[in-house]
Amino acid sequence: MQQRTKLLVGSLASSLAVIALFAGIAFTSALDLARHQIPNLLHDHNQHLIETLPARPSLAQILAILPHHETHRDSLSVIDTQGRRLSAADNHSSQKQAIHIDSESLLATSSGYTTIGDNEYIWATTPIPDTPYTLVNTHRNARSGLREFMKYIGVPIGFAALISIWLSTWGAMVISSLFRKLNEQRAQLEHQAHHDPLTGLPNRDALSKTIDATIAQLDGSKQALAVCMIDLHQFKEINDSLGHHCGDELLRQVATRLSGVLQAPDLAGRFYGNKFAIMLRQTGTATIDAITGTLLGTLENSFEIDGRCLYIRGTLGIALYPQHATTAPALLQKAEAAIFQARDNTQYAAIFQALDNKGAAERLGLINDLRNALRDGQLELHYQPKLDLRSRHIIGAEALARWIHPQHGAIPPDQFIEIAERTGLIKELTRWVLETAVQQCAQCHANGWAVKISANLSAINLHDEELVPLIASLLERHELPAQNLVVEITETAMMADPARAKAQLRKLDTLGVCISIDDFGTGYSSLGHLRQLPVDEIKIDKSFVVDMISSEDDASIVRATIGLAHDLSLEVVAEGVEDEITLKQLTDMGCDIAQGYHIARPMPAADFAAMLDEHIKAKKDDQAVASR
Ligand code: C2E
Ligand code: CA
Ligand code: CA
């Protein structure tokens, strides 16, 4: 029965019970009252009759008054001292009463009552003064009195019942709707606590609890459990380029597709951000391919968002119970670590490999640490000087990020930049680099050292619509002419999305910022390709430069690149110059600029400033000697 019906029935029943109780109490009280009051009335009546008799009346005089006072309910009779009845024999009701009310009772008490059949008889005896006779007055109180009683109070009780039924029904409705609202609110709060508001899927906590509960059920049995995690690629870019509403819609559609391919008790939940976690019952290793196919298959078809067709990929990490872990948090962590392992092996899916766990776990720890490092100013920019090979002057430096981790010491940028790129922190990191580099460059100019500072951009930065306005405002704020800022973008980053790169580079070019292609030669682009982009400089990757003395192939590549770049009116920077011979050979090949440990290692800003100061003084001294 529904709670509402229960409440209604309950309140109706209780209100009817209360009415019945009151009616019962009223009825028995009325009966009691009658039993107490009727004898008094009968006595009064007897007394009144006795007063009509003469003094010392004879029996005949007494009997003479009796017949006139009989009705079908009341009767009068006379008894003598032995209790014998002396009334008229032809009186029916008196006859009856005389038979049933025994003389002992009549003589013993002055009033009483007795029940005979359906009737109750109340009697009162009054001795007639100066005679041996007693007047007995009997009143028949019908047992059907309840019905009669109801005749009198039926209407008010009926009204009272109607009012109380109405009140109780109304009360029950109000209370039940109150209960319903409370229940709804409670259910809503419970749902919110356990579900992700965007996708409606169970959230991380709920999923974790479900996994733990399932493990508890499996305990002892030989069944396995797989905890999978999907990390969506390019989610950050979609958010940045198409807006958060598109990102949200994408997550909703992925959630619907995932739920669609799972059957209870398998369950998908949103882990956080662009990561979904899935719990699968069943599963031996043999079915891992099937899992991968099913889960990653959900991303195969395009997603239609805002009238566009988007294709996205994901990486799947799988951890198995009980092989890899026996608790939900550990399984989830290992599934996440497996994503990193898959990526390291350039695969789309991987089962957790215990041996690789340390590196992955460290990296997981580093994600949070990097976020804090950016906030707490743990990052520093070092500057590696660039040497102009014609004039032999320091004409600039490349800004390189450094992170000294409080526990792990120096973390190589190759590692933390990769983490920043994966987590989206790169946007914040690049802004910090640009701000610091522009400020440093402006400081150098203020000191009279006209140098250019290069900053590295990641592929993801090419999707940041706010990047160009930020650079413009930084240059304006620090009053630095735009050509003193060089942005280095790797060849691979440019080729990842040539159209977007082109658009973003055009804007930077319009601003007057120099554009340099980093790690040139490691990607698959050709100089012809790059001609379509507004590029000012190319940096020959250090892998060709470090070995160019020993490897004729590398030397040929370097020579050819310098030639082609010059044909396209591009400046050439050789990075990774580790010795004087290389430097000399590069000069002979016509390379414009060199950078490498042989010239200087990356150094803190203060050291770079001191180096510039010394360098300028030496230059002036040289000029003075030359002019003498
Ligand atoms: P990159 O842009 O190619 O930077 C040059 C790297 O070569 C630097 O490594 C530098 O220390 C190193 N190097 C310089 N001279 C020599 C040399 O003579 N021999 C050898 N073997 N290496 C030399 P670092 O500082 O470890 O940076 C590594 C990579 O990290 C950089 O490669 C760049 O891709 C990335 N990175 C560093 N800072 C930033 C940053 O602020 N933003 C972005 N997006 N990436 C950065
Ligand atoms: Ca660089
Ligand atoms: Ca480089």
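Annotations for the structure displayed:
- When the alpha carbon gyration tensor of region 196-284 is reduced to an equivalent ellipsoid, its three semi-axes come out at 29, 11, 10 angstrom, largest first.
- Within straight-line cross-link reach of residue 539, lysines at Cα separation under 25 Å, skipping those fewer than 8 residues along the same chain: 386, 427, 452, 502, 507, 584
- Largest first and in whole Å, the equivalent-ellipsoid semi-axes of region 466-574 read 28, 15, 12, each the square root of five times a Cα gyration tensor eigenvalue.
- Point-charge dipole on Cβ atoms (K/R +1, D/E -1) for region 204-354, about Cα centre, debye to 20: 260 debye
- Tail fraction, Cα-Cα pairs, region 376-623, threshold 24 Å, whole percent: 46 percent
- Enclosed volume per residue, in Å³, of the convex hull spanned by Cα atoms of region 462-507: 67 Å³
- Near residue 224, the amide H atoms lying under 5 Å from its own belong to 282; only residues 5 or more places off or on other chains count, and H is placed 1.01 Å from N.
- The distance between label points at residue 502 and residue 567 comes to 2.2 nm (points 7 Å beyond Cα on the Cα→Cβ vector).
- Estimated from the Cβ-Cβ distance and a Förster radius of 30 angstrom, the FRET efficiency linking residue 323 and residue 300 is about 0.55.
- Nearest-0.05 FRET efficiency for residue 495 and residue 536, computed from C-beta distance (R0 30 Å): 0.95
- Between the amide H of residue 400 and those of 382, 383, 384, distances stay under 5 Å, these residues lying 5 or more places away or on another chain, with hydrogens modeled in the peptide plane.
- Label-zone membership for region 2-39, site residue 173, 7 angstrom Cα→C-beta point, backbone N under 19 Å: 2-16
- Cα lying deepest toward the dipole's positive end in the chain, options 64, 19, 112, charges on Cβ: 64
- Each 10 Å bin from zero up to the one holding the largest Cα-Cα distance in region 204-354 carries the following percent of pairs: 12, 43, 33, 11, 2, 0.
- Where only DSSP H runs of four or more residues are counted, the chain gives -17500 deg cm²/dmol as its mean residue ellipticity at 222 nm, each run worth -39500 (n - 2.57).
- Per-q log10 I(q)/I(0), region 103-196, q = 0.16, 0.22, 0.25 Å⁻¹ (Debye; single scatterer per alpha-carbon; no solvent): -0.85, -1.06, -1.15
- Each 5 Å bin, from zero up to the one with the longest distance, holds this percent of the alpha carbon pairs of region 402-446: 5, 19, 19, 22, 18, 10, 5, 1.
- Residue-span extension gain [residue 80 to residue 187] - 0.36 nm each, minus C-alpha spacing: 30.0 nm
- When the Cα positions of 226, 277, 314 are compared along the charge dipole of region 204-354, 226 comes out farthest toward the positive end, with charges on each C-beta of Lys, Arg, Asp and Glu.
- For residue 303, nonlocal amide neighbours, meaning residues 5 or more places apart or on other chains whose placed amide H falls under 5 Å from its own, are 310, 311, 312.
- Semi-axis lengths (Å, descending) of the ellipsoid that matches the C-alpha gyration tensor of the chain: 114, 27, 20
- Where the alpha-carbon atoms of region 516-628 are placed on the principal axes, they occupy 47, 34, 33 Å, in descending order.
- Placing +1 on the Cβ of every Lys and Arg and -1 on the Cβ of every Asp and Glu, with no other charges, gives the chain a dipole of roughly 2720 debye about its Cα centre.
- Here is the P(r) of region 2-49: all C-alpha pair distances, binned every 5 Å from 0, give 5, 18, 11, 12, 9, 10, 8, 7, 6, 5, 4, 3, 2, 1 in whole percents.
- If both residues of a DSSP beta bridge must be in the chain, then about 70% of such bridges are antiparallel.
- For region 376-623, the Cβ-based charge dipole about the Cα centre amounts to some 520 debye (Lys, Arg positive; Asp, Glu negative; other atoms uncharged).
Any read-out appearing in this document is the output of simple, stated calculations on the displayed coordinates, not a laboratory observation. The shown structure was predicted, so the numbers you read here are calculated from the model rather than taken from an experiment. Ideal geometry is used to build each Cβ from the backbone, glycine not excepted, and the neighbour counts take in all protein chains shown.
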